[in-house]
Amino acid sequence: MSAAPLLECRALTRRFGGLVALDALHLEVRPAEVVGLIGPNGAGKTTAFNVVTGIHPPTAGEVSFEGRSVVGLRPSAVLQRGIARTFQNIRLFRGMTALENALVGRHARLRTGPLGAILRSRRVVEEERAAVDFAMELLRFTGIERHALARADSLSYGDQRRAEIARALASEPRLLLLDEPAAGMNPREKGVLNELILAIRDRGVTVLLIEHDMRVVMGISDRVVVLDHGQKIAEGPPDAVRRDPRVLEAYLGSAHA
Amino acid sequence: MRKWTLSLFAVSVALLFAASSPRAAETIKIGVAGPLTGDQAAFGEMLKNGSLLAAEEWNAKGGVVLRGKKVKVELLWGDDRHDPREGVSIAHKFVNSGVVGVVGHFNSSVSIPASTVYSEAGVVQITPASTNPKLTEQGFMTVFRACGRDDQQGEVAAEFIKNKLKAKNVAILHDKTTYGQGLADETRRFLGRLGIKPVFYSGIVQGDKDFTPVLTAAKQKNPEVVFFGGIHPEAILLVKQMRERLGMNAAFISGDGVYVDEFFKIAGKAAEGSYITFTPDQAKIQAAQGVIAKHRERFGKEVGAYTIYSYVAASLILQSIQETNSTAGARLSAHLRSKAWNTALGKIQFNAKGDVLESPYVVWQVKGGRFVQLN
Amino acid sequence: MLTQQLVNGIVVGSVYALIALGYTLVYGILQLINFAHGEIYMMGAYVGIAVLGVLAAMGLTQQSLALSILLVFLVPMVYCAAYGVTLERVAYRPLRQAPRLSPLISAIGMSIFLQNYVQVAQGARDKAFPNLLSLGSFEVMGAHVSGLQVFILAAALAMMAGLQLFIHRTRLGRAMRATAQDRTMAALVGVDVNRVIAVTFAIGSVLAAVAGVMVGMYYGLVNHYIGFVAGIKAFTAAVLGGIGNVTGALVGGFLLALLESFWAGYVSAVYKDVFAFLVLVVVLIFRPEGILGGSTEVDRA
Amino acid sequence: MRSFASAPLLGLWFAFLALPFAGWRGALWTGLACAALVAAARTLGRVLRAEPVARRLAMAQEAIGESWEFMLRGTRDWRVAALVLLGLVAFPWVLDRYKTDVLVVAGIYVMLSLGLNVVVGFAGLLDLGYVAFYAVGAYSYALLSTWYGLSFWPGLLGGAALAAVFGILLGIPVLRLRGDYLAIVTLGFGEIIRIVLNNWDDVTRGPNGILGIGRPHLGDFRFSQPMHFFYLVLALCLITMFIVGRLNRSRIGRAWAAMREDESAAECMGVNLVHAKLLAFAFGASWAGLGGVVFAAKQTFVSPESFAFFESVIILCMVVLGGMGSVPGVVLGALILVALPEALRELTLFRPMILGGAMVLMMVMRPRGFLRERGLRLAEGALPPGVPREEGR
């Protein structure tokens, strides 16, 4: 554990009116890890994603990525730095094809401006071609290549999740935030997803993952962080966390305690 | 695929060809343009009927004598929907169909842009109703005006305010249209010449309903007269709100745009005693009686305010064609300016700009629920 | 002058507020700007004229003034409720699942359609609204106040109070509030959402009808384009007060009317609408939830 | 609609609704017409939904769409391009002055609606005050021409640039506004511009408008006939279609489309909303400015009444009717809406009513317009061969 953290949240706090969604959260993600972020509904997991990616500014605290603060950046700038994400409720661009979705994900890595788009020089065409190749490679990687030219909203649920992952990967992130990628999948699909996530890590992309399905989380996470009421209540290897009484209490409520 | 392309193309072309192409028949074509449909259609009808009477009169004689032959008169209708762009389109249409002269348009804002097209094509244009001075200030040879100008009307109003009403405090309102503001500004200018500086001057928004804020501000200046440049819907509201909401008793005076029966019908008591500058009562013009009678017989109703002007405009074009034995715009324009004409409106002489020399405006008053001409 | 401008603003404010309520109610439930709402108000005024015409022909206006006035308000209210419900059924309900631009464009289309239908059917010229009530006038602190103005303000306030009672004291009102909070949730707990939406349109239209008749009586003249301007202004008022908020519509309506009145009286009558729109833009930029609106934005990434 | 009520009942209902406006007789006719229309529509619907007819209709529709796209794509096949161009160039020689003039007007509208399509169709920002930029273009050229004698070509650039500046000025404050608020604010902006033009007498000469605007020159040649303007507008339209098409099929077009579909997801995927929105506003505005300059030069006269709210609505109708986002669709929409009233002059009174009704009908029945947006937002040739094409889009 000597590597410098890729993502570091220090005393991260976010309030919505009177509600404290994140309460002085400390979170570290190191390179080439798969970290699971779990906790009961309303624990602040998605809020943590939203604050990290710049959708909500933190009320207090600090987020740094590769040693530099990303607080106050627009979401697009955060992505530019190398953090990409998927959404809990799938938010593909429904009217566009899977390929176009992935190409939008690549947006930040392309340079063509309005003038370039109009004049369409050789360099622009080359860039487009390379982008398409890259996007197609990702669709192949996520296993939906044959749906490349299908409208996103015509894809099956599982394929939509995969298309969202491909879209996020298209920006060549160093950290990928997955928000409940297994939701709504059948056991077979979940198995494929597990492998996909591990393959993503093997491409050198660090993964921070919100997931309710314990088998997915426990199966692939190097480390698990448990949130409750916006606070971190446990952290460690999956097996240790599984046995932690505080985690049990958070999940099963005070009736159990 | 290719077939589809072609057929689509064909359909779009067919749409454009939809209207008939001009006929080559030997007639003298006169264009009549104004708002023939829509909310100002009533005015368009006056233009139409007036010109129709003139054309029928000539055709009854067998037509206009041109190069020894009698040629029938044909009228072409152009509906400009009081839209400047439509006006320009209509102008092109007329020029394209080979009209010799144009009676129109009605609105100044349409007549002005259309006059460019007529002037470039050398087509004589006589408007029976566009009163904005700018029309004839452009320096086009081909433009004439059978009616008066806003500045002439403003002069009459100003003199009336000074000499008859003996007012010193005058408030001026206008509706920020070409017509309304033009009239208000001319009135202000002539008042200034007579040594009266308005105590209040403001525009209002056409289409608004509540003018009490601006009237309240005007009331602070204790005006004896409120002059309004605009048309009747606003005039009705203004006069009602002056009398009923704010208890103002200043005299209300306005221009020909308010000479509409609705003014006293809707405003009722509030309108009583208001003054309006307008053309003299046509029933009192001896020369017009023939046309009035013929109109009644032909259309079963009384002439409108601009019917006789349209009749005169059309007659003048036809008469000068016969007298010059030519349809060339330059010759007609020169001839129209060259002498005094005896018309249904009495003697008319055009000046170099194409305006009539005599100011044709008088003051009317609402008395007992109708308009009465003051002497 | 100051008091007079206050008085001037108050009647316009009542009208704005009544129309604004219609926008606010519908927006609260459907998140839709019912662009055609202004036309309902205009049609209310026209129905009022038609009723007066019939009453005068029957000679009822001479016999019973009170009954005439009641009918002149009641019939347009019924009619406008019908118009509102039909409008929703034809132009909005089929689009409830459509992309967000579609209902808005449909609403604009409906507004154009209605406005021009009235023009075609009734002619483009101004219609006189015969004067029923002559309540005289009096002077208060240097301002000229007419009895009609007092009547209008009272009627408007009564309508608004009635609306408040309806929303807070009746089952249907509660269902409306529930639907405004969360449509899916309301449907789940057994609220007939379609019915609630229809009722919302009906109520908004009834208020607009009252505004229309009052305007007709007050100005004595009505035409087919009064709905557009009044609609835009009322919407501005609703946003100003906080759209979705019933009290906000009231506050917004009076505030906007007074601001306009003072601006027109003291600064410039012709730039009055520019000022109104600038107020709207400024409010939207600095306080998008309006003066009284709470933050309705549900945080959701 | 089927569950609503039966045709006679509907007829009765609409008769009741029409009564105060149309009178007894009118209400009767309205009722009968409504009942007949509903019955006819239902029968027609049943017929059209029947399998063989429906299939053929779908095919025809596809074919129309494809033939339009084909025409557009034809510009790449030089033979087709030459043919189409020849056909277009021949128009003024076949048509008379008046019809050519109508075509010039249509061409200006094509430019305007293509520009608005960028804002509404591509980027999904409902702009109800688009005509303001048209006005800015027209007035800036009108003023520069009459005051400083600026000639047309630099005026064209100046008008477009100034309109773009206004587009950005409008864009900045409304960046954070949601769709429907945006619509109202843009409407307000449009009205503000018109009111200012109507009242700033010293500069714009208020309601009188500006007269004597310079016509374009090309060397010693002066544009005055509708035919001259036809070629000018034709060239500008082709350029517009080319540019707009290329923008759409690029990184920028994809960003706009993503923003239209889901703003905050687009932002999270690296699309800078500020840039994307401002670019859309500026680009759409500059095209309106261009159209305005051409309008001013053609008309030699501008006045505020040409830039009323209804003008914005008509342009929006062109975009919506043709198919939001589809370049050929928008061109078709513009041509239809200009040609139709010309063909049906007698119906002028009903025109706005029909237009409004058509907008509603279009949204309810075919919310995507006549022609769907089609094709990938990609530079042609960037797609490698062998990508499996799945069932159509």
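Label reach from A:Ser156 (point 7 Å along Cα→C-beta): in region A:98-130, amide nitrogens under 20 Å belong to A:98-99.
Considering only B:Ala146, B:Ala271, B:Ala313, the mean-square fluctuation computed in a Gaussian network model of chain B, springs between alpha carbons under 10 angstrom, is largest for B:Ala271.
Taking θ as phi - 60° and the Karplus parameters 6.51, -1.76 and 1.60, the scalar couplings of region D:180-188 work out to 6, 5, 4, 4, 5, 5, 5, 4, x Hz in sequence order, x denoting glycine and proline. With r defined as the distance between the Cβ atoms of D:Phe242 and B:Ala328 and R0 fixed at 41 Å, what FRET efficiency is calculated, to the nearest 0.05? E(calc), rounded to 0.05, equals 0.35. Since only D:Tyr130, D:Gly291, D:Gly179 are under comparison, the one whose Cα sits farthest along the positive direction of the charge dipole of chain D, derived from C-beta charges on Lys, Arg, Asp and Glu, is D:Gly179. Computed from label points 7 Å out along Cα-Cβ, the spacing between D:Leu9 and C:Arg89 is 0.8 nm.
Remark: relative contact order (chain D) = 24 percent; criterion is Cα-Cα distance under 8 angstrom and separation of 6 or more residues. A P(r) calculated from all alpha carbon pairs of chain A, with 10 Å bins opening at zero, reads 7, 29, 35, 21, 7, 1, 0 percent.
Compactness of chain D, taken as the C-alpha radius of gyration over 2.2 N^0.38 Å, stands at 1.07. Average accessible surface for region C:186-301: 33 Å² per residue, computed with a 1.4 Å probe over protein heavy atoms with every protein chain in place.
Per atom type, chain C shows carbon and sulfur on 66% of its accessible surface, probed at 1.4 Å. The A and D chains share an interface that buries close to 4000 Å² of accessible area, total over both sides, probe 1.4 Å. Close amide H contacts of D:Trp200 (hydrogens built in the peptide plane, cut-off under 5 Å, sequence separation of 5 or more or a different chain): D:Gly206. May I ask for the longest run of chain D untouched by GluC sites (Glu not before Pro) that are loop-located per DSSP and have at most 15 neighbouring C-beta atoms (other than their own) within 10 Å? That would be D:1-379. In terms of its Cα atoms, region A:129-257 spans 58, 28, 24 Å along the principal axes, sorted from long to short.
Dipole orientation for region D:153-307: of the candidates D:Leu170, D:Leu247, D:Leu197, D:Leu247 has the Cα lying most toward the positive pole (charges on Cβ; Lys, Arg +1; Asp, Glu -1).
In chain B, helices alone account for a calculated mean residue ellipticity at 222 nm of -13000 deg cm²/dmol, with every DSSP H run of four or more residues adding -39,500 (n - 2.57).
3J(HN,Hα) couplings calculated from phi for region A:209-226 with the Karplus curve 6.51 cos²θ - 1.76 cosθ + 1.60 (θ = phi - 60°) are, in sequence order, 10, 9, 8, 8, 6, 5, 5, 5, 4, 5, x, 10, 6, 7, 8, 10, 10, 10 Hz; Gly and Pro show x. For chain B, the residue among B:Thr27, B:Trp364, B:Asn222 whose Cα projects farthest onto the positive side of the dipole built from Cβ charges is B:Thr27.
Let a ≥ b ≥ c be the square roots of the eigenvalues of the Cα gyration tensor of region C:136-251; is it rounded (a/c under 1.5), or, if not, prolate (a/b larger than b/c) or oblate? Cα axes put region C:136-251 in the prolate bin. Database remark: amide H of B:Glu74 closer than 5 angstrom to the amide H of B:Ile28, B:Lys29, B:Ile30 (H placed geometrically; neighbours at sequence offset of 5 or more, or on other chains; Pro and chain starts carry no H).
Mind grabbing the interface size between B and C? I mean buried accessible area, both sides, 1.4 Å probe, in Å² to the nearest hundred. Buried: approximately 2500 Å² between C and B.
For region B:151-278, a crude dipole built from +1 on the beta carbon of Lys and Arg and -1 on the beta carbon of Asp and Glu, taken about the Cα centre, is about 580 debye to the nearest 20. The B-D contact accounts for roughly 4000 square angstrom of buried accessible surface, both chains included, probe 1.4 angstrom.
Computed over protein heavy atoms with a 1.4 Å probe, the carbon and sulfur contribution to the accessible area of region B:151-278 reaches 48%. Over the residues of chain D, the helix contribution to mean residue ellipticity at 222 nm works out to -24500 deg cm²/dmol, using -39500 (n - 2.57) for each DSSP H run of at least 4.
Distance from the alpha carbon centroid of region D:143-213 to that of region B:109-174 works out to 29 angstrom.
Phi angles across region B:211-223 convert, under the Karplus curve 6.51 cos²θ - 1.76 cosθ + 1.60 with θ = phi - 60°, into 3J(HN,Hα) values of 10, 4, x, 6, 5, 4, 5, 5, 4, 4, 8, 6, x Hz, Gly and Pro given as x.
Once C-alpha pairs closer than 8 Å and six or more residues apart are averaged by separation and normalised to the residue number of region B:89-238, the relative contact order reads 20 percent. How far is the Cα center of region D:1-54 from the Cα center of region B:51-81, in Å? Rounded to whole Å, the Cα centres lie 48 Å apart.
Using a cut-off of 23 Å between Cα atoms, the listed pairs B:Lys176/B:Lys265; B:Lys48/B:Lys294; B:Lys134/D:Lys298 include B:Lys176/B:Lys265 as exceeding that distance.
Ligands, DNA and RNA left out, the 1.4 Å accessible surface of region D:95-372 is 69% carbon and sulfur atoms.
Between A:Arg111 and B:Gln206, what is the label-to-label distance in nm when each label sits 7 Å out along the Cα-to-Cβ direction? Distance between label points: 5.6 nm. The C-alpha atoms of the protein assembly as shown occupy a region whose extents along the principal axes are 114, 78, 63 Å, arranged from largest to smallest.
Per residue, chain B exposes 37 Å² of accessible surface when a 1.4 Å probe is rolled over the protein heavy atoms with every protein chain present.
Does region D:194-303 come out rounded, prolate or oblate by the C-alpha gyration tensor, with a ≥ b ≥ c the root eigenvalues, rounded set by a/c under 1.5 and, if not, prolate when a/b is larger than b/c and oblate if not? Since a/c reaches 1.5 but b/c is at least a/b, the shape of region D:194-303 is classed as oblate. GNM remark for chain B: springs join alpha carbons under 10 Å apart, and the peak mean-square fluctuation among B:Ala334, B:Ala314, B:Ala235 falls on B:Ala334. Among B:Arg85, B:Arg149, B:Arg245, which one moves the most in a GNM of chain B with springs linking Cα atoms closer than 10 Å? So, out of B:Arg85, B:Arg149, B:Arg245, the one fluctuating most is B:Arg245. What percent of all Cα-Cα pairs in region B:117-232 falls into each 10 Å bin, going from 0 up to the bin containing the maximum distance? It works out to 14, 38, 29, 14, 5, 0, in whole percents.
Provide the FRET efficiency to the nearest 0.05 for the B:Gln349-B:Arg298 pair, computing r from the beta carbons and using R0 = 22 Å. It comes out at approximately 0.15.
For region A:1-95, the solvent-accessible area of protein heavy atoms averages 38 Å² per residue (probe radius 1.4 Å; ligands and nucleic acids excluded). Between B:Asn169 and D:Asp202, the FRET efficiency from the beta-carbon distance, with R0 = 25 Å, is close to 0.40. For chain C, the 222 nm mean residue ellipticity estimated from helices alone, with every DSSP H stretch of n ≥ 4 adding -39500 (n - 2.57) and the total spread over all residues, rounds to -24000 deg cm²/dmol.
Dipole size in debye (nearest 20) for the protein assembly as shown around its Cα centre, Lys and Arg Cβ +1, Asp and Glu Cβ -1?
Here the protein assembly as shown has a charge dipole of around 1500 debye.
Label separation (C:Ala82 vs C:Ser268): 4.7 nm, computed from points 7 Å beyond Cα along the C-beta direction. When you restrict to C-alpha pairs under 8 Å that are six or more residues apart and normalise by the size of chain A, the relative contact order lands at 26 percent. Between amide H atoms placed 1.01 Å from N, distances below 5 Å from D:Leu376 occur with no residue 5 or more places distant or on a separate chain. The distance from the alpha carbon centre of region D:254-320 to that of region C:181-242 is 30 Å, rounded to a whole number. Expressed to the nearest 5 percent, the antiparallel share of DSSP beta bridges inside the protein assembly as shown is 50 percent.
Residue separation of D:Phe310 and D:Arg56 scaled by 0.36 nm, minus their Cα-Cα distance, works out to 87.7 nm of gained length.
The values are calculated or read from the model by the stated rules, or taken from the named source; none is laboratory data. Everything numeric in this text was worked out from a predicted model, so none of it was measured. Backbone-built Cβ (ideal geometry, glycine too); neighbour counts: all protein chains shown. In case anyone asks, the SASA skips ligands and DNA or RNA and just uses the protein heavy atoms, side chains included. Shrake-Rupley method; radii C 1.70, N 1.55, O 1.52, S 1.80 Å.
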